[in-house]
Structures are given as structure tokens and as C-alpha cells.
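The values are calculated or read from the model by the stated rules, or taken from the named source; none is laboratory data. Note that the structure is a prediction, hence the values are computed from the model and not measured. Methodologically, a virtual Cβ is constructed for each residue, glycine included, from the backbone with ideal geometry; neighbour enumeration extends over all protein chains shown. The protein model used for the area step is the full one, side chains on, heavy atoms only, and it has no ligands, DNA or RNA in it. Shrake-Rupley method; radii C 1.70, N 1.55, O 1.52, S 1.80 Å.
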Amino acid sequence: MSVADLDAPASPAGMFGLRDVAERALVEDSADVIVIGSGAAGATSARVLSAAGLEVIVLEEGSVLSAPRSDMYTSFKHHWRDMGLQAAEGRAFTPLLQGRVVGGTTVMNGAIIHRLPEPIYDGWAAEHAVNRSFSYAELERVFDALDRELMVGPAPDAVFGENNRLMQLGVERIGATGNRIQRSVSGCRGSAHCNQGCPTRRKQSMDVSFIPRALEAGARLYYQCRAERVRAKRSRAEAVEGRFVDPVTRARGPRFRFHARRAIVVCASAIQTPGLLAASGVGRRSRLLGERLQAHPGTGVVGVFDAPVKMSFGATQGYESKHFWHERMKFEAVGMPLEFAAARLPGIGPALMQELASFDHLAIWGVQIRAEAQGQVRRGLFGGTSVHYDLTDADVERLKLGVSRLIQMMFAAGAREVLPGVHGLPERISSPDQAAPLAALPSDPRRFHCIAAHLFGTAKLGLSPHSSVVDLQGQVHDSPGLYVMDSSIFPTNLGVNPQHSISALAWLLSERLAERKAP
Amino acid sequence: MGLLPFEKRWLVSVITCLIPSGASERLPEGAADLPLERFIDDLLAHAPLKFLLGLRACLWVVSLAPCVVLGRLRLFHQLGDEEQLQLLTRFKDSDAYLVREMPLLFKMVGCLAYGGHPRIQARLALEPRDETPPDWARTASQRAPETPGGDS
Ligand SMILES: Cc1cc2nc3c(=O)[nH]c(=O)nc-3n(C[C@H](O)[C@H](O)[C@H](O)COP(=O)(O)OP(=O)(O)OC[C@H]3O[C@@H](n4cnc5c(N)ncnc54)[C@H](O)[C@@H]3O)c2cc1C
Ligand code: SF4
């Protein structure tokens, strides 16, 4: 069956899901380029390639977010990978949060926009020769275009919200600098629901920005459509195979085989991409596939204020401080939903109920570090992936310093009490000096509760097939026609939120791909 | 992977101990005032196997712990409220990482149900909130059937 045979699909125009193909034995289709994954990288690539006149098919394992709900459980169940319960194992468990939905993780992210820091680019140029592929000036041109298309601007006054305002106060009072976060949102209503999917679709996540633009330019998108392997013909990647599966009910639909006349672009994320390449038998020559996983692990500190904070109103993440960026740490206000915040509170039983009852008075700010740790992504025992990731001692020392700075900021902003969330410190402290023992605690990641939401490096780019998985155009060294354009190819982590950098690289490499002659 | 009916009862007793009813004037309802068993069924039907194996292992440890921790020949759900809380507090404060993570795991599960219910969110004046409860909290007649391939 080809897409031409699909009669009056029930899905949004240009999109085809399991219910549209359920009766078929095999779904077949073909295009110039097949893009796997519809997140920051995949949607951007589809947007650029289709605008360049190429026929594009996008495959996405997740469903379409049609009516966002406020509760986290429903969001987890329908739109997050493994219901948000995926975790890396090391000495501590580190939840790895990822979206699995049309639009990828951008649908539930904080919409924070940063450009690739120049010192990071310089490091990539010096050690990984990226300057032979693109200059920083070229990146800036793309960042400008992305800013315009994704309506990037600072959180406006009307929806700044008290959680963000208090953080600004705390940052300024400890003598640091900070700024309103640049966000990809148009007309934010300040519902602090970015993690559930924006209820008013103001956030310019890929499902409301680049995916519709790619569809308008003629792209087709298959969702609930899981790529399992890439097939090659005469050593050139030419088809993607897999199956339609409902990610929630796990109901299996037909198998598919999609043919690519020109290229296959893998944008399945730094956790899923290595597994897909490995299952396809490619990218393994350097032995770096799935290795070098890097991240920005982060943890949060809760402050209790006398006056209401009302974290449930305001831009979910509206204020940040990069003052200590050179020390590999960055601070952000985090307007957490009740369910997330509740799990972060120290109490149990009646004490928890009292804490929840004063939810209005809580502020939460986080620190994320540019960790040195490198992990691995492997095939898991139960199918799927297994991730190993363990912070180094130096990383834990940075976390300790970051948490102690957050505690200072909280008190400086007027917090009555702070709940540091570190094993070995009191659950509640009422002055900054009570946090002094933090410095002397052992460098043990198990004392913190970190999450990792920014993931990089598992199919690194570079010049040599011996020290990288893909070349400087994103093409897998041993698989002509097969490209990777997501953050797997980043040689290192960034120290800033990565969506914009991921989109920028995907944009540039897709432009190059569009310019290449057809094989 | 499901839980056996008695394991579900164990899980309900752990969560209702962590999120009790009548402990706060502003939040008089606890987890027991919500259809928690339906939430658990929904979670068991959809969560990844690895998570469910971990949850089950932790459940057995907590259920059998009164004997070791409190010297009481009882299962967790057979203890009184005070003793249940005492036991979970010992877990929470433990220096052993895996032990202190156990109550946190149950709390996370319980709070996903509790904190996401519009009735609880209304008590805390959280806006915007859903007009209808999540699927698991609706009565059978209110619930839409789970059709494969549906949007969400
Ligand atoms: C809670 C949270 C908040 C964040 N906040 C910010 C922020 O404010 N700013 C920022 O810059 N970054 C933020 N990030 C990170 C950012 O969103 C991600 O780094 C970025 O979206 C990654 O882009 P990607 O294209 O590599 O992967 P994703 O956006 O995750 O997209 C990958 C897509 O591929 C699909 N896929 C995977 N495997 C297959 C397969 N086999 N077949 C078909 N489809 C497949 C997945 O379902 C997914 O939809 C946040 C992340 C999280 C979790
Ligand atoms: S804060 Fe609310 S309205 Fe603003 S972008 Fe996030 S979800 Fe949308």
C-alpha cells in the first residue's frame, strides 16, 4: 500500500497513524528523504529539506498531542518515553526524561532558548575539526532564522510570575548576574504547564511550528510508527523498516517499508539513535556507537516563603543565571507541577500533607551542571535500551557547590526555610550556615536526586572513521546515504539548554544534504 | 506485568500511609479518597516492565520489613497508622541508598495520582486544571475505551 491508497484518513492532514493503516498487511511508501524522529532535530530537518523542494517522509514513534491535559500522569502515559520512568543506572538512578510524541521532547520542554556557546564551538573546532564543516558565523545565520521562526523572546512582564521574580531577587542579592530567559513562545499565558504540553499551544514546540511547516511544503508524517532498522542496497542505505505500534496500548499494527531515493536521516535522540544504528549493523567501526553519553544532570532546591509564590502561575521557566557558567553550572527557576514538586518534598504522611497544603508558598530553582561523566547506551535485557551513567567526583563537587549557591539565593530572596534535598543535610534549614556541612559531605551522587534531560554524544561526529561514528556532514562513515542529525553527533555537552543548537546543526546539515547531488 | 490482588492491597496501604486522609485542614482528602486501585491498575497496564519489577521488589521489602525493622511479626498493611509511618520514616532516613529510595518511589507513584486529580488541584486553587478527572479516576461509564491508534 502507498499513501495514495489511504482514503480519507482520520488523522490531521498529512499525518497518518495506526488507525489509518490498521487494516493493511504492509505499508509501503517512498520519498527523497526519510527522517526518523520528529523532535528538535527531525522536525527541523524535515522543515529545511521540504522547503528545498525534496519529498520528505517523517516517522515518529509517538502519537499526536491533540488535547493537552494538566495532569502529569496522563502526559507521562501518552507522551513521554517509558512513561517518564526511564532511568540511567550508576551508583544512583538518574531519570532520563524524553518525549515520545509528534514534536519530540520539545512538546514538554521549558522552551528555553540558547545559542551554542562560542567557547564550546571553539573546543569542537580544535578537537573535532567541526570548523572544516561549518563556521560559527554560519551557525549564527541559522540561529537568527530559528529565532524568527520560533518567535524567540524574553518572558514578558505580565506572565513573569513570582517564582521567576524571586529568583531574580536572589541572584541579584548574592551579587551574581542573571537574565530573563529567552523562550520560543508566542503570547505565553503563564500557565506554567510547559512540561505537560502547552494547553493553549503558545509554545512553539515542533508540533506547532516546523512539523506543520514541513507538511505544508508537502512532507508526510507517519506516527505511532516505530523504525526498527535501516536496510542497505549495494551498501547504500535505501529503506527503513519497522512496525506501527500504539505506544500506549502497545497494540501492534502492520509492518512498514519506506524507500528513500536520496537519504535517510536519523533524528531519534541521543538515547534511541545508537540502538537504531546498531540494529542496522552500521556505525560500529570506531566502537564509539552508544559510548560517550554526556548530559547536564540537574537537581532542584525548594524554598518556603511567607508570601504566596504561586508557582502554578508564570512562565514555567522564566529566569536564569549563567554567572557561574565558567564553573560548569547554570541556574534556572523551575515552575514544577504539583506532582513533580510533591515527590521532591521531604515529608511523608501528615508532614507531606502539610507541605502540600502550603504548595502556594513554595519556590523551586534548579542547578544543572556540564558534567564530565561519560556513560553508555546499550541494548537492554527487556528490549529497549539500558543506560549506564555515573557522575564523577568532580561532578558531584560541582553539584554541591551549585546547591549551596541555590540555598544562598533562596535565603537572599527572603525564604523562611529551605529544603535542600541532599542526604546528609537537615531536611529543612532556616539559615544558610546550616548548609555548611554540605561542603564536607563525601562526593557521592546518591546524596542528590538528579535528573538528566539534555543528552549528547552517542554517535559523535568527526573526521576519522576510527574516532567518530559520523563524518562532518552527519553521514555515517560506513553507510553512504545514512545521516544522523540529532544531539548524538555532538562531540560534547554544552552547558546550556540544547534545543536551539540541535535545531541549528540539523538545519545546516540538512541544507548541505539538499545541495548534494542525488546518487 | 500485574500485581496479585494481595500485592495491590499492600501497595494501597503504603500509598495511603504516605498520603493520609484528614491530616491537613486545607487538604482533608488523602490518597484513600481517590479511586487508587483503578490508578494502580492503569499504571500496571502501561508502565515499563523494568519499573514494575522494581516496584514489586520494593513492595515485598516494605511489606516484610516490620519483622526485621520493628521486630513485629506482621506485614506492613497489618500495622497501625503510627507504626506504618515509623517504619517508612526509618526507610526514608536510612543511610543505605536503595532503602531510602523505596518510600520515595511509592511517594512518586502516589503523588502522580493524588496531585493530578482536579479535586485536589482545586483545593490548592491551581489553575488551569482539567474539567474532568484523568481517565483512571472516571467511573467505567465515563471512561472512553482505549482504542488502539487513538490520538491523545
Ligand atoms: C523536561 C524537559 C525540559 C527541557 N527543557 C528544555 C529547554 O527549555 N530548552 C532546551 O533547549 N532544551 C530543553 N530540553 C531538552 C530538549 O528538549 C532536547 O534536548 C531536544 O528536544 C532533543 O532533540 P532531539 O531531536 O535529539 O530528540 P527529541 O526531541 O527527543 O526527538 C526524538 C523523537 O524521535 C522519536 N523516536 C525515537 N526512536 C524512534 C524510532 N525508532 N522510530 C520513530 N521515532 C523514534 C521519539 O519518539 C522522539 O519523538 C528539555 C528536556 C526535557 C525532558
Ligand atoms: S507557560 Fe503555559 S502558556 Fe506559557 S508556553 Fe508554557 S504552557 Fe504555554
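Worth pointing out:
- A dipole drawn for chain A from +1 and -1 charges on Cβ atoms has a positive end, and of A:GLY104, A:ALA268, A:LEU406 the residue lying farthest that way is A:ALA268.
- Accessible area per residue was computed with a 1.4 Å probe on protein heavy atoms; A:ARG285 scores about 140 Å².
- Contact order, relative form, for chain A: 23 percent (alpha carbon pairs under 8 Å, 6 or more residues apart, mean separation divided by residue count).
- Distant-in-sequence amide H partners of A:GLY375 (H built 1.01 Å from N, under 5 Å): A:ARG292, A:LEU293, A:GLN294
- Dividing the alpha-carbon radius of gyration of region A:170-257 by the rule-of-thumb value 2.2 N^0.38 Å gives 1.72.
- Within region A:18-50, the residues that become at least 10 Å² less accessible when every protein chain is included than when their own chain is isolated (1.4 Å probe; DNA, RNA and ligands ignored) are A:LEU18, A:ARG19.
- Largest-first ordering by accessible area, 1.4 Å probe, given options A:TRP507, A:TRP325: A:TRP325, A:TRP507
- Per-residue shielding of B:109-122, expressed as the average number of other chain Cβ atoms within 10 Å of the residue Cβ, stands at 6.
- Accessible area of A:VAL476 (1.4 Å probe, protein heavy atoms only, ligands and nucleic acids ignored): about 0 Å².
- Equivalent-ellipsoid semi-axes for region A:367-519 (Cα gyration tensor, √(5λ), whole Å, largest first): 41, 18, 12.
- Taking 4 °C and 1.567 mPa s as conditions, region A:1-138 diffuses translationally at an estimated 71 µm²/s according to Stokes-Einstein applied to its Kirkwood radius (Cα pairs).
- For region A:330-388: relative contact order, % (alpha-carbon pairs under 8 angstrom, 6 or more apart): 35
- Share of carbon and sulfur in the accessible heavy-atom surface of region A:131-213 [1.4 Å probe, %]: 47
- Neighbouring partner chain Cβ atoms per residue of B:20-30, average, 10 Å criterion: 4
- Take every pair of alpha-carbon atoms less than 8 Å apart whose residues are at least six positions apart; their mean separation over the length of region B:5-81 yields a relative contact order of 30 percent.
- Electrostatic tally near A:LYS400: other residues with Cβ closer than 14 Å to its Cβ, Lys and Arg +1, Asp and Glu -1, net 0.
- Portion, in percent, of the accessible area of chain B that falls on carbon or sulfur, probe 1.4 Å: 57
- Accessible area per residue for chain A, computed on protein heavy atoms with a 1.4 Å probe, is 33 Å².
- Count Lys and Arg as plus one, Asp and Glu as minus one, and take only other residues whose Cβ is under 12 Å from that of A:ALA415; the net charge is then +1.
- Computed over Cα pairs, the Kirkwood radius of the protein assembly as shown leads via Stokes-Einstein (0.890 mPa s, 25 °C) to a diffusion coefficient of 96 µm² per second.
- The charge dipole of region A:306-427, taken about its Cα centre with unit charges on the Cβ of Lys, Arg, Asp and Glu (plus for the first two, minus for the last two), comes to roughly 340 debye.
- Kirkwood Rh in Å, taken over all unlike Cα pairs in chain B: 16.7
- Within 10 Å of each Cβ in A:82-90, the average number of Cβ atoms from other chains: 4
- Antiparallel bridge percentage (DSSP; both residues within the protein assembly as shown; nearest 5): 65
- What you get for region B:5-107, charging only the Cβ of Lys and Arg (+1) and of Asp and Glu (-1), is a dipole of about 320 debye around the Cα centre.
- Acute angle (nearest 10 degrees) that the helix A:162-173 long axis makes with the longest principal axis of chain A, alpha-carbon atoms: 60
- Projected onto their three principal axes, the Cα atoms of region A:288-409 cover extents of 52, 39, 26 Å, largest first.
- Ellipsoid fit via the Cα gyration tensor, region B:74-120: semi-axes of 22, 16, 8 Å, each the root of five times an eigenvalue, largest first.
- Surface accessible to a 1.4 Å probe, A:PHE313 within the full protein complex, Å²: 90
- DSSP beta bridge pairing in region A:1-140, given as percent antiparallel to the nearest 5: 45
- Pairing chain B with chain A buries about 4900 Å² of accessible area. This figure sums both sides and uses a 1.4 Å probe.
- Taking θ as phi - 60° and the Karplus parameters 6.51, -1.76 and 1.60, the scalar couplings of region A:465-478 work out to x, 7, 10, 7, 8, 10, 7, 6, 9, x, 7, 4, 3, 9 Hz in sequence order, x denoting glycine and proline.
- Among residues other than A:GLU138 with Cβ under 14 Å from its Cβ, the summed charge is -1 (Lys and Arg +1, Asp and Glu -1).
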